[in-house]
Amino acid sequence: MHFRSKSRFSRNQTNIMGQSLVKNYVHIIFSTKNRVPLIDHSIETELYPYLGGICKRMDCQPLKVGGHMDHIHILCMLSKKITLISFIQELKANSSKWIKTKGDQYEGFYWQEGYGSFSVSPDRTESVVKYIANQHHHHRNVRFKEEYRLILEKYKIEYDERYIWD
């Protein structure tokens with residue numbers, strides 16, 4: 001038996017690819033190694049725009065970059081062209097090298113091995129932007145460990161306390 005398949009397109013139609021429409025907002029959090037408070041005011045005013053520049057270069061449009069003495073928050077739109085782990089590795093590697101050029105006090109600067117990444121609904125991005133912008137005020141009352149545990153609980157993420165604080 002011989003089967004002839006019919007083309008979905010007539011001879012005059014062009015084979016058109018479907019669109020890949022992606023809009024993934026992610027809230028990324030990572031800390032300095034052992035949460036050493038090395039992100040002081042003198043470096044943060046340069047660090048946040050530097051991290052935002054890495055985001056832009058990797059086609060991950062930043063909405064807000066901020067943090068506090070021992071950690072970073074980034075809200076961005078993750079590019080459809082890169083994996084999350086590749087993006088975070090690039091952020092950490094490039095920014096760590098850059099920070100070490102900013103003075104002797106930063107020569108031992110390292111980011112922690114792990115990170116947190118949480119999806120954000122488009123209708124919640126503005127509240128996350130405000131949250132990141134308000135980090136200095138927020139951390140008058142809440143330490144990073146407490147903040148991070150609360151976020152993990154909010155997103156119902158199971159974790160082992162022994163391994164999240166490297």
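Coordinate-derived values only; no laboratory data. This structure is a prediction, so every number in the text was calculated from the model and none was measured. Virtual Cβ from ideal backbone geometry, glycine too; neighbours counted across all protein chains shown.
Kindly flag which residue pairs out of Lys23/Lys56; Lys23/Lys130; Lys56/Lys154; Lys64/Lys154; Lys33/Lys145; Lys33/Lys154 have an alpha-carbon separation exceeding 18 Å in this structure. All intermediate terms of the calculation are to be shown ahead of the outcome.
On the way: Lys23/Lys56 15 Å; Lys23/Lys130 20 Å; Lys56/Lys154 28 Å; Lys64/Lys154 20 Å; Lys33/Lys145 13 Å; Lys33/Lys154 24 Å.
The answer is Lys23/Lys130; Lys56/Lys154; Lys64/Lys154; Lys33/Lys154.
If we count other beta carbons within 10 Å of each Cβ, what is the order of Met17, Met58, fewest first? Intermediate results must be reported in sequence, preceding the final value.
Details: Met17 5, Met58 18.
So the ranking, lowest neighbour count to highest, is Met17, Met58.
Taking only DSSP H segments of four or more residues, each worth -39500 (n - 2.57), what value at 222 nm results for the chain once the sum is divided by all its residues, to the nearest 500 deg cm²/dmol?
The helix contribution divided over the chain gives -10500 deg cm²/dmol.
Kindly rank 106-114, 71-79, 23-31 from highest to lowest mean number of other beta carbons found within 10 Å of each residue.
71-79, 23-31, 106-114
Take the alpha-carbon centre of the stretch 29-100, take the same for the stretch 109-140, and report the distance between them in whole Å.
One Cα centre to the other: 11 Å.
Helix by helix, which DSSP H runs in the chain go 20 Å or more along their axis at the Cα atoms and have an average Kyte-Doolittle hydropathy of -1.0 or more?
Numbers: long enough: 41-57 (24 Å, -0.35); 84-100 (24 Å, 0.01).
Long hydrophobic helices here: 41-57, 84-100.
Mind jotting down the three principal axis lengths of the chain based on Cα atoms? Whole angstrom, largest first.
Here the Cα extents, ordered largest to smallest, are 75, 36, 32 Å.
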